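Before any comments, here is the structure.
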Amino acid sequence: MESGQAGLREAKRSDIRSFADRAEVGDLVVARRGLRRALYLGVLGEYGWSNAFDDIEGWDLQHYRRVRWVWTRENRFERQVFPQSRFSESRSELVRTWATCIARVGVHVVSPC
């Protein structure tokens, strides 16, 4: 295996471990596409493990976190607001303000924030 691939694999493991260990029940999570688009906003639930997810189209997915999605409409930010890594705490004040507002107000057809 090339050292670049090994480093990438380790970075992915680190991202996933962080999501499993550091994220807490009640934390807000954003499902995003790219570096500017938020697709969903949810409230994180408990960590779980189930053998029912041992082979989902070739993926081993026994570890999971439940999420209660409170916003399911795409939100486009005018500039890059998300980091390259898959799982990380947002350092963008724009994202934090948007997410907190949506979570406080609840699900709406049009963004109240």
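If we scan the range 29-52, do we find a residue that is hydroxyl-bearing (Ser, Thr, Tyr) and free of Cβ contacts under 8 Å to residues at least 12 places away in the same chain? No: zero hits.
Among the conditions (1) assigned to a loop (DSSP other than H, G, I, E, B); (2) at pLDDT 80 or above, residue 87 misses just one, which is (2). How do the pairs read when you match residues in the range 56-72 that are part of a strand (DSSP E or B) with residues anywhere that are exposed (fewer than 14 other Cβ atoms within 10 Å of the Cβ) and of a type in the set (A, V, I, L, M), using Cβ under 6 Å and keeping only pairs 6 or more apart or on different chains? These pairs meet every condition: 70/107. Apart from one condition, residue 78 fits all of (1) outside any loop (DSSP other than H, G, I, E, B); (2) loosely packed, with under 11 Cβ neighbours inside 10 Å; the exception is (1). When the range 57-99 is filtered for residues that are among the small types (Gly, Ala, Ser) and under 19 Å from residue 14 (Cβ atoms), the ones remaining, listed by number, are 85, 88, 90.
The values are calculated or read from the model by the stated rules, or taken from the named source; none is laboratory data. What you are looking at is a predicted structure, and each value in this text was computed from that prediction instead of being measured. Heads up, the Cβs are rebuilt from the backbone with ideal geometry, glycines too, and the neighbour counts pull from every protein chain shown.
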